[in-house]
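Read-outs: derived from the displayed coordinates by stated rules, not from any lab. Note that this is a predicted model, so its numbers are computed, not measured. Ideal geometry is used to build each Cβ from the backbone, glycine not excepted, and the neighbour counts take in all protein chains shown.
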């Protein structure tokens, strides 16, 4: 009976205006009508990435952009430091392995942010490390890593690069690429960009672009050398994901009209509503000390079946939330804050969660979570207006 | 910051599938492709009206269909009994006046259902009354009138007709036209039909159709004699509202897949959630004894400004609810239950209401309304599954 509510940390609910734009008659990607679309999209992406560098489009998932980073910036035999505190940290290491890049991993307990001192130690022990690869928001654990501190640390030695997986970070957190000196930043459409999956973004600092030219790694579809040339001519090497790009134009218009600082604040507000509701229900946050605003990760209470919880949220209450990934599967669940969701959707998520917990026999006081969420939501919506 | 939520008793939120259907390339209304659309729509309308009679389409608002009823069934000088317990009861009387039909009005206190005994008295005092005109759901007050009892009473005298404004009644309440012997039933697209406004429906019993042939009233655009001929040939007299009809096909598919008894139960469930939340907040229902399931009408608490309440719901919390109409304006407000809304939307409405009441200084215990709504919602969604 309830409506379908997509509340995972990606894919996310797509705003109606964006869906309408994508449903229009398809433009040919070489038609003159498409040129202003690309132009506007390139300009808008730079504003959200907070960079004067070019942001390249790839018709791929976010992982394609991660692969593009590894394949284009490094060469076999290079050594890098990888922050590994979740499934996507593991992905950096796996990509390095696939390209013959030696990854020195800084393993971080899931749910915790990396301690910059541990990265410093790894860099000290690896004097030839060319870069540090890290997630801004580690989607699998709901953790925000200290990107600014890591960037400063990396740049203590000239020529070292910081490569940031900003897939669920850019457009969610304030991660100014140029101001913080981030060398590679990637993102993916199905997150803060409020689009379906299928479009990825990558931006390179001057130093990273130079590395792209020097890399000997094999690459074709994800060859950024070609894309740098094509996209600077307002084109793409391969057929681009036209309808997604048309949708992106619309989504960027929405984001820029909202104002990117307000966009960051919105994600933070969604996270606070869910956290206050979860805490009022006596639940334990999975990432209590450095939570990302992309999603809130919550421990499954002892004795409950996490998969049953997620399934019941979907089957009975219409809400698609995310199970934990990898070793956290069944033990943790995640509620997303990105895309076309608002505070009342977050309140509904807490209400659904209360009901599921009660259904599963957890001693929840029905109404305590929604009360806390309602209080928080009210503060946010009407604080400046009373 | 919150999303736009349309929670009035019409227009209502339109489901995505319906909006998508309406956004498709327009069909010409005489093109062969449109014939199966009309056919399917006529068949679906009959199922929701619960009639074997034809349900005619009019490109008009619901009031157009009300006018068609008066203009086609009666003639100047006829006498009818009108149940007048709200703005739409008044509209029946006004339409009669416009067509020279003498309306004997049974005035009912707003918020109350008509007492069948009062209608009996009016009919006894008006032996030549040709019909009783009434609302099923009086949208302006949120009241359900006792249609079945009134129909029995009307038909105690052969030839007398019962004319039912089912604009916010059909598809909301179980009002089986044939089984209850309703002679004229009208409805409008922007209610349970989950469409934008602009399309109206009217169905006539055999007796009513005979009256249409005998009426001497002036009519052209709303001439049902022509429409009966055209639409029985799977066409329309005038250019129909093509995109709305295409949308209607999609909406009917949704409604029939849900099952019309389930559709009625859904509206009832939405109403119960809002009522339980409002009562938990200590609010007074405007229609406590015979509430319609189209909307819940609630008294503005003493000392509060009802227009400010409705405005703040919209401006601060993103929810468009309805002020009272006519003499109830500013003193009552209405939360709609029709269209693409679900229990979590109703919960959100209660949360928004709590917040507005608190903002306006009403001594509300934040969280009591959402607790009650959550409890009710949980009962509904998971009762059969625990």
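The radius of gyration of the Cα set in segment A:108-193, together with its Dmax, comes out at 12.7, 38 angstrom.
Mean separation of Cα pairs under 8 Å and 6+ residues apart, divided by the residue count of segment A:16-257: what relative contact order is that in percent? Here the relative contact order equals 29 percent. Compared with the rule-of-thumb size 2.2 N^0.38 Å for a compact globular protein, the protein assembly as shown has a Cα radius of gyration ratio of 1.12. The residue of chain B whose Cβ sits closest to the rotation axis that maps B onto A, together with that distance in whole Å, is B:370, 2. When Rg and the Kirkwood Rh are both derived from Cα coordinates, the Rg/Rh ratio for segment B:194-288 amounts to 1.13. Counts of other chain beta carbons within 10 angstrom of each beta carbon in peptide A:8-17 average 1. Estimated translational diffusion coefficient (Stokes-Einstein, Kirkwood radius over Cα pairs, 37 °C, 0.692 mPa s) of segment B:160-211: 290 µm² per second.
In this assembly of identical copies, the label point of residue B:234 (Cα plus 7 Å along Cα-to-Cβ) is separated from its counterparts by 5.1 nm, sorted shortest first. Residues considered: A:122, A:308, A:179. Largest GNM mean-square fluctuation over chain A, using C-alpha springs under 10 Å, is found at A:179.
Among A:130, A:275, A:24, which one moves the most in a GNM of chain A with springs linking Cα atoms closer than 10 Å? Highest fluctuation of the listed residues: A:24.
Against chain A, whose longest principal axis is taken from its Cα atoms, helix A:368-382 shows a tilt of about 60°. With respect to chain A, whose longest principal axis is taken over its alpha-carbon atoms, helix A:62-73 is tilted by about 30°. Have a look at A:181, A:303, A:282 and tell me which one the Gaussian network model of chain A (Cα, springs below 10 Å) gives the largest fluctuation. Comparing A:181, A:303, A:282 in the GNM, the peak value goes to A:303. In segment A:116-259, the convex hull through the Cα atoms has an average projected area of 9.8 nm², a quarter of its surface area.
Sorted into 10 angstrom bins from 0, the C-alpha pair distances of segment B:258-306 split as 25, 46, 22, 6, 1 percent. Rg then Dmax, both in Å and based on the Cα atoms of segment B:16-257: 17.3, 56. Could you tell me what percent of the DSSP beta bridges with both partners in the protein assembly as shown are antiparallel, to the nearest 5? Given both bridge residues lie in the protein assembly as shown, the antiparallel proportion sits at roughly 50 percent. With neighbour counts taken as other beta-carbon atoms within 10 Å, the residues B:45, A:204 rank, fewest first, as B:45, A:204.
Placing a label point 7 Å from Cα along the Cα-to-Cβ axis, residue B:361 is separated from the same position in the other copies by 5.2 nm, shortest listed first.
Using alpha-carbon positions, what is the distance between the centroids of segment B:283-315 and segment B:70-125, in Å? Rounded to whole Å, the Cα centres lie 27 Å apart. Taking the longest Cα principal axis of chain A as reference, the axis of helix A:242-258 is set at about 70 degrees. Within segment B:16-257, DSSP assigns beta bridges of which about 40% are antiparallel (rounded to the nearest 5). Calculate, in whole percent, how much of the Cα-Cα pair population of segment B:228-268 lies beyond 15 Å. Value for segment B:228-268: 58 percent of Cα pairs lie more than 15 Å apart. Sorted shortest first, the separations between the residue B:329 label point and its copies elsewhere in the assembly read 6.1 nm; each point sits 7 Å from Cα along the Cα-to-Cβ line.
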